[in-house]
Amino acid sequence: MKTTLKISGMHCASCVAVLTRALRKVNGVSNAVVNYSTEKATVEHDVSLASEQNLITAVTQKGYSAVVMNDAAPAQESHLRKKEIKELKTKVIISSLLTVPAVIVGMFLMDLPFRLYLLWLLVTPVQFYIGWPFYKGTWSALKEKTANMDSLIAIGTSAAYLYSAYVVLFDPMGHQYFETSAVLITFVLVGKYLEAIAKGKTSEAISTLMKLGAKTALVLRDGKEIQIPIDDVQKGDLIIVKPGQKIPVDGVITEGHSSVDESMVTGESIPIEKKAGDEVVGSTMNKHGSFVMKATKVGAETTLSRIVKLIEEAQTKKAPIQRFADQISAYFVPVVIFIALVAFTVWFSLAHASVGFALIAAVAVLVIACPCALGLATPTAIMVGTGKGAKHGILIKGGDALETAHKVKYVVFDKTGTITKGKPEVTDIVPAEGSTGHELLVIAGSIEKKSEHPLAEAIVNKTEQENCSFKSVSSFKAVTGKGVVAAIGKKKYLVGNVKLMEEYKIPLSSFSQKMTVLESEGKTVMVVASDRKVVGLIAVADEIKSDSPRAIQLLKKMKIVPYMITGDNARTAAAIAKRVGIEHFFAEVLPEDKAKYVKKLQQKGKVAMVGDGINDAPALAQADIGIAMGSGTDVAMETGNIVLMKNNLLDVPKAIRLSRLTMSKIRQGMFWALIYNVLGIPIAAGAFYPITGTLLNPAIAGGAMALSSVSVIVNALLLKRKKL
């Protein structure tokens with residue numbers, strides 16, 4: 001079973017390491033992934049050995065709080081986030097009301113009676129009430145024999161506070177640092193408040209999707225129309241949907257017809273015509289007509305709920321690059337504490353500076369080095385990236401997929417249903433001399449109406465589109481692999497391939513050149529004949545999607561080599577490949593062998609496979625990135641790492657560009673976080689004091705640390721403005 005916990009109280013990447021270890025130690029847990037940015041833990045566990053309560057207990061024992069996220073998770077999460085922001089805001093206000101007077105008294109009112117005692121009184125609530133979570137976090141880390149951001153803040157502010165208390169009691173002429181401690185805690189708190197607001201913005205994609213859902217449904221029960229809440233709709237319910245209403249749940253139309261705006265799911269702006277027997281998706285908008293539908297999927301099973309769950313899981317999964325940040329954070333805090341001790345020792349013992357001076361250097365080192373920004377860089381960018389993808393109908397299943405996609409060197413496209421529409425259409429009608437295209441369609445359409453072959457369906461559809469009337473057909477006979485023979489009135493007709501014509505000795509010499517041209521274009525040619533002569537030719541082809549050539553062109557611009565794979569013969573494959581601009585293709589490949597060709601190509605570099613998610617499943621699984629085409633179908637949801645909801649090939653280069661942009665933001669965030677610490681620690685330790693004559697105030701270090709975290713989040717949020 002997979003359980004998602006919403007965790008409160010995490011402060012940095014070190015907290016993630018503590019909680020991950022704690023959850024993985026629980027008997028019955030096979031895997032646990034904790035995400036700092038989403039503040040969630042996804043735990044895979046055996047329910048008989050590890051209950052949800054066992055998981056919550058493991059979290060609370062480490063000093064954090066947790067709740068299980070249910071089907072209403074996004075709404076629940078929104079409530080918890082608002083509560084957290086409200087609590088942080090209250091603490092910021094209280095802390096500021098105490099800290100601002102402390103700064104005024106400490107820095108300007110030097111002659112105020114009982115000044116030191118007043119400062120002590122103002123700062124103590126800030127240190128121990130507002131700052132209590134830091135002590136709590138430090139204790140939890142100590143129990144795990146580790147240290148975290150809380151340790152840095154708790155040690156630094158306690159040192160400043162306790163030294164100041166010593167000054168008040170035993171050395172009234174000495175310099176106190178009460179306001180430094182209070183300002184530091186307030187700055188860190190303000191940083192956390194801004195961080196919480198920014199984090200809320202990164203999960204906008206889920207919130208937006210949840211708002212799209214219908215709230216009520218008009219159902220038919222016992223012959224009566226009843227308005228009920230969406231949660232009360234059951235499978236099998238008959239639901240009335242009127243013009244302008246949202247479709248409540250997934251289902252099938254039983255009566256009526258309409259046009260439906262499915263842009264919420266597919267991103268496609270043009271409404272789609274729907275009639276009895278057609279499937280409709282919950283939360284999409286009914287435009288003009290009224291209809292009755294039967295509910296087939298409700299609650300967590302609906303397409304919208306599954307998309308939300310997919311995005312949530314994607315945002316929880318770690319990208320491999322995140323492990324790098326986690327490893328740095330695990331060693332970083334102990335190293336920083338060591339540097340702070342060295343700074344204190346060097347200034348106090350070797351440079352013979354005052355205790356206050358040495359203390360300022362040590363506290364500044366502890367504060368400026370907090371690794372929050374490093375821990376936020378990856379998960380924040382992934383949240384924004386997956387959210388942006390979802391808005392464009394590109395569902396990315398996790399940070400690992402988002403990271404791998406930017407390394408793709410080759411993209412293999414399945415032909416049928418991916419590059420092409422997957423539905424044969426009549427492309428050319430070539431009547432013999434003395435005949436017309438209309439007459440040719442009437443003959444072929446009337447005969448093929450009795451056939452069940454896909455090519456026959458294409459001819460019948462064309463006949464209907466051209467408003468040709470069908471004639472009565474007799475003596476119908478299908479010749480396997482060749483075509484059909486039938487009579488219209490007293491006249492006998494043949495509709496089929498060259499083999500059928502040869503069998504009935506029909507001369508084709510006058511049409512052979514035209515047939516060769518059509519076949520070289522990847523079209524299947526049907527010959528219509530009667531009385532030992534050809535009446536005309538009808539060419540049928542699986543037409544290329546209008547966006548296919550542009551998608552291939554964009555991939556080439558991105559230095560990605562496109563390939564096509566198909567079961568068609570080499571000549572047809574070559575014709576299709578040429579039309580879309582693909583130079584490399586694999587022809588006459590059986591569905592079960594597609595994975596072998598992908599594996600072979602993987603020896604050259606990372607491969608993405610694009611298919612419809614059904615017969616291409618093995619190849620999608622074999623590829624480094626499986627990209628499934630499909631408008632929210634079950635198989636497409638489960639197969640592949642990326643799902644293109646619009647069935648639009650232009651979304652393939654978009655998905656890869658999104659991956660590249662996201663990885664760029666991750667690298668930028670990590671670079672600035674690391675550079676900030678590399679430059680900040682020596683400055684804080686006083687390495688430049690002999691040159692500049694100034695020492696970094698811990699309060700300024702605290703402000704800079706908070707600013708670095710917020711800047712990493714804001715940089716990731718800028719990804720929303722990038723064009724795909």
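The values are calculated or read from the model by the stated rules, or taken from the named source; none is laboratory data. This structure is a prediction, so every number in the text was calculated from the model and none was measured. Glycine also receives a Cβ, built like all others from the backbone with ideal geometry; neighbour counts cover every protein chain displayed. Just so you know, the surface numbers come from the protein's heavy atoms only, side chains and all, with ligands and any DNA or RNA stripped out. Shrake-Rupley method; radii C 1.70, N 1.55, O 1.52, S 1.80 Å.
Considering region 580-593 alone, what residues qualify as being open to solvent by 50 Å² or more (accessible area, probe 1.4 Å), out of contact with any strand residue (DSSP E or B) (no Cβ under 6 Å at 6 or more places or on another chain) and either modelled with pLDDT of 90 or more or of a type in the set (A, V, I, L, M, F, W, C) (or both)? Those that are open to solvent by 50 Å² or more (accessible area, probe 1.4 Å), out of contact with any strand residue (DSSP E or B) (no Cβ under 6 Å at 6 or more places or on another chain) and either modelled with pLDDT of 90 or more or of a type in the set (A, V, I, L, M, F, W, C) (or both): 583, 590. Taking (1) in a helix (DSSP H, G or I); (2) open to solvent by 10 Å² or more (accessible area, probe 1.4 Å); (3) aliphatic (A, V, I, L, M) in turn, residue 160 satisfies each apart from (2). Residue 455 fulfils the conditions (1) modelled with pLDDT of 90 or more; (2) assigned to a helix (DSSP H, G or I) except for a single criterion, (1). Number of residues in region 184-229 that are of a type outside the set (A, V, I, L, M, F, W, C), under 29 Å from residue 154 (Cα atoms) and modelled with pLDDT of 70 or more equals 4. In region 105-124, the residues that are under 18 Å from residue 166 (Cα atoms) and of a type in the set (D, E, K, R) form Cβ pairs under 7 Å with partners that are open to solvent by 40 Å² or more (accessible area, probe 1.4 Å) and assigned to a loop (DSSP other than H, G, I, E, B), at six or more places apart or across chains, as follows: 115/109. Selection of first residues in region 224-237 that are closer than 17 Å to residue 250 by Cα and of second residues that are assigned to a loop (DSSP other than H, G, I, E, B) and of a type in the set (Gly, Ala, Ser), restricted to Cβ pairs under 6 Å at least 6 apart or on distinct chains, gives the following pairs, ordered by first then second residue: 230/214. Scoring residue 5 on the criteria (1) part of a helix (DSSP H, G or I); (2) modelled with pLDDT of 80 or more; (3) open to solvent by less than 40 Å² (accessible area, probe 1.4 Å) leaves a single failure, condition (1). The strands (runs of 3 or more DSSP E) found entirely in region 524-568 that carry 1 or more residues being at pLDDT 90 or above, open to solvent by less than 10 Å² (accessible area, probe 1.4 Å) and farther than 20 Å from residue 584 by Cβ are 524-530, 533-544. Any residue in region 480-489 that is open to solvent by 10 Å² or more (accessible area, probe 1.4 Å) and assigned to a helix (DSSP H, G or I)? Looking for residues that are open to solvent by 10 Å² or more (accessible area, probe 1.4 Å) and assigned to a helix (DSSP H, G or I), one finds none in region 480-489, hence no. Among the criteria (1) crowded, with 23+ Cβ neighbours inside 10 Å; (2) closer than 30 Å to residue 238 by Cα; (3) at pLDDT 75 or above, the one residue 285 does not fulfil is (1). Listed here are the helices (runs of 4 or more DSSP H) enclosed by region 650-724 that have at least 3 residues being within 24 Å of residue 409 (Cβ to Cβ), open to solvent by 20 Å² or more (accessible area, probe 1.4 Å) and not polar (S, T, N, Q): 651-685.
State yes or no: is residue 62 open to solvent by 30 Å² or more (accessible area, probe 1.4 Å), under 28 Å from residue 369 (Cβ atoms) and at pLDDT below 90?
yes
Across region 631-645, not a single residue is classified as part of a helix (DSSP H, G or I) and either modelled with pLDDT of 85 or more or in contact with a Cys (Cβ under 7 Å, 6 or more places away or on another chain) (or both). Please go through region 582-604 and pick out each residue that is free of Cβ contacts under 8 Å to residues at least 60 places away in the same chain and farther than 9 Å from residue 567 by Cα. Those that are free of Cβ contacts under 8 Å to residues at least 60 places away in the same chain and farther than 9 Å from residue 567 by Cα: 583, 584, 585, 592, 593, 595, 596, 599, 600, 602, 603. I'm checking my understanding of the structure. Among residues of region 230-270 that are open to solvent by less than 20 Å² (accessible area, probe 1.4 Å) and modelled with pLDDT under 90, which one is nearest to residue 290 (Cα to Cα)? Across region 230-270, the extreme among qualifying residues is 258.
Filter region 30-56 down to residues that are in a strand (DSSP E or B) and open to solvent by less than 20 Å² (accessible area, probe 1.4 Å) and give me whichever is nearest to residue 714 (Cα to Cα). Taking the candidates together, the pick is 35.
Of the residues making up region 439-470, those that are among the small types (Gly, Ala, Ser) and open to solvent by less than 20 Å² (accessible area, probe 1.4 Å) are 444, 445, 446, 456, 458. For region 17-27, filtered to residues that are in contact (Cβ under 8 Å) with a residue 24 or more places away in the chain and surrounded by 16 or more Cβ atoms within 10 Å (Cβ to Cβ), the residue that is farthest from residue 328 (Cα to Cα) is 26. Condition check for residue 13 on (1) at pLDDT below 75; (2) among the aliphatic types (A, V, I, L, M); (3) more than 29 Å from residue 669 (Cβ to Cβ): one failure, at (3). For beta carbons closer than 9 Å, sequence separation of 6+ or different chains, a first residue in region 661-686 that is more than 16 Å from residue 386 (Cβ to Cβ) and a second that is open to solvent by 50 Å² or more (accessible area, probe 1.4 Å) and of a type in the set (Phe, Trp, Tyr), the qualifying pairs are 670/324; 682/688.
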